[in-house]
1. Can you give the helix-only mean residue ellipticity at 222 nm for the chain, where every DSSP H stretch with n ≥ 4 adds -39500 (n - 2.57) and the sum goes over all residues, rounded to the nearest 500 deg cm²/dmol?
2. Evaluate the charge dipole of the chain about its Cα centre and quote only its size in Debye, nearest 20, assuming +1 on the Cβ of each Lys and Arg and -1 on the Cβ of each Asp and Glu.
3. For the stretch 178-260, which whole percent of the accessible surface, found with a 1.4 angstrom probe, sits on carbon and sulfur atoms?
4. Using just the alpha carbons, could you tell me how many Å³ per residue the convex hull of the chain encloses?
5. Roughly how tilted is helix 314-343, in degrees to the nearest 10 and between 0 and 90, from the longest Cα axis of the chain?
6. Could you provide, to the nearest whole Å², the per residue accessible area of the stretch 178-260 with probe 1.4 Å?
7. So for the chain: antiparallel DSSP bridges make up what percent, rounded to the nearest 5?
8. Given the whole protein assembly as supplied and a 1.4 Å probe, what does the accessible area of THR119 come to in Å², nearest 10?
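The values are calculated or read from the model by the stated rules, or taken from the named source; none is laboratory data. Fair warning: this is a prediction, and the values are worked out from it, not measured in the lab. Using ideal geometry, Cβ is built from the backbone for each residue, glycine included, and neighbour counts are taken over all protein chains shown. These area figures cover heavy atoms from the full protein model, side chains too; ligands, DNA and RNA do not enter into them. Shrake-Rupley method; radii C 1.70, N 1.55, O 1.52, S 1.80 Å.
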Amino acid sequence: MPSEQAEFVVIGGGLAGTAAALTLRRHAPEGRVVLIEAGRHDRVKPGEVLPAVAQGLLRQLGAWEPFLAASFVDNRAVVSAWADDALSERPSIFSAQGSGWQLDRARFDQLLVEAAATTGVEVRLGCAVRSAVRDGQGWRLELADAEIVADAVIWAAGRSWRLARCLGAALKVHAHLAAYTRFFDSAPGDCRMVIEARPEGWWYSADLPGGSRVVACLTDPDLGSALRDPKSWYRALAATRFIAPLLPRGARETSVAVKSAGTATVDPAAGERWVAAGDCLFAADPLSSRGIVHALRSGILAAYAASDMIDGRSELARRRYAMIAAQGFADYVPALAAHYAAAARWDTPFWQRRRSHVDDAAAVQGQAMGISSREKQSNETRYPGL
Ligand SMILES: Cc1cc2nc3c(=O)[nH]c(=O)nc-3n(C[C@H](O)[C@H](O)[C@H](O)COP(=O)(O)OP(=O)(O)OC[C@H]3O[C@@H](n4cnc5c(N)ncnc54)[C@H](O)[C@@H]3O)c2cc1C
């Protein structure tokens, strides 16, 4: 099997992977960076609402101009029926950071891959990494018809944790959740994301570029399996008060996706010459609206850590990266639990479980991802630019 060599290989060409590859080109320009992506970003994908805070990260990555040129929909407001049956609106105009965006997510992923290729990242699309074994100090990665030996690896494969065992990482699933999503065209809107809590879980919808729209129901996978059946999904949709009216008569369903959307982390966050980033490191509940920003930010940080590793500062890089990851998770757990608690007004299984998560949150905070408070104190240096 042909074999080649690179300083850095990034596994996964999503947002975390492309952010890592772009950062490596700037931070360690002498190194060869190969980005390996199993798909081609040619299919619709959920994860469409981008908070305004992403602007700074996109500028840092050198992707702001192509982002503006894509003309995504400006998010005017988030509207929710959460704590009670009345709609409350949080207009973007009152946000200090300005408005966010409602994306064509596949186009967004594509434009970051294109930006990476422009800076000299070697991009391989339609090419999955099948396994990883130690090779000297680095890693030998097996592809379908070739091998590549990397001095350091950034593992940014999203919610696909197939390589965990090869790398010596363990997946911790903290809470299950599934998203039963349908996309439509001929369903324009007024640039608002709408969220509605329901006895079975919660729904969201946003209008996307080109007059299309996403509509999703999020619930526990054991409670929502019937929603795979279109009749059940449309029946549940019809019972919503604020989501169903967003679909005009002429709207046409274009695709369906069922995705895992629960909370999961890997432990450790980084190991011998590898660093996890994005969902692979910490997959968040979409209610938190932090997945994309976390993917971009952790991709940038993972690039610094991987670069430190091959410069002989492996132990420091691992400890510092793990501390930052643990802090992010410790902040998330109580915030998510409090957000669910605010809507827990039904005695249905979905909301009963969320009430018990509130009790668990206190226990999880501070023990996040196995980092002791002593390690937190001794590793408080931050990476530049963040
Ligand atoms: C229903 C739903 C709604 C969401 N809504 C929002 C939202 O509104 N706002 C928000 O900020 N976040 C949202 N998120 C979360 C957000 O989409 C994710 O956090 C984000 O996509 C994570 O980026 P990533 O790069 O880590 O992973 P991904 O975007 O999943 O990219 C990982 C890439 O790795 C590739 N890959 C996997 N295995 C391999 C392999 N072995 N070899 C090579 N390539 C591989 C995959 O093909 C994929 O392209 C939502 C998530 C869900 C499920």
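1. -10500 deg cm²/dmol
2. Value, rounded to 20: 440 debye.
3. With neighbouring chains kept in place, the figure for the stretch 178-260 is 54 percent.
4. In the chain, the Cα hull volume divided by residue count equals 136 Å³.
5. Orientation of helix 314-343: about 10 degrees from the principal axis.
6. For the stretch 178-260, the per-residue accessible area is 43 Å².
7. Antiparallel: roughly 70 percent of the beta bridges in the chain.
8. THR119 has an accessible surface of roughly 60 Å² with all protein chains in place.
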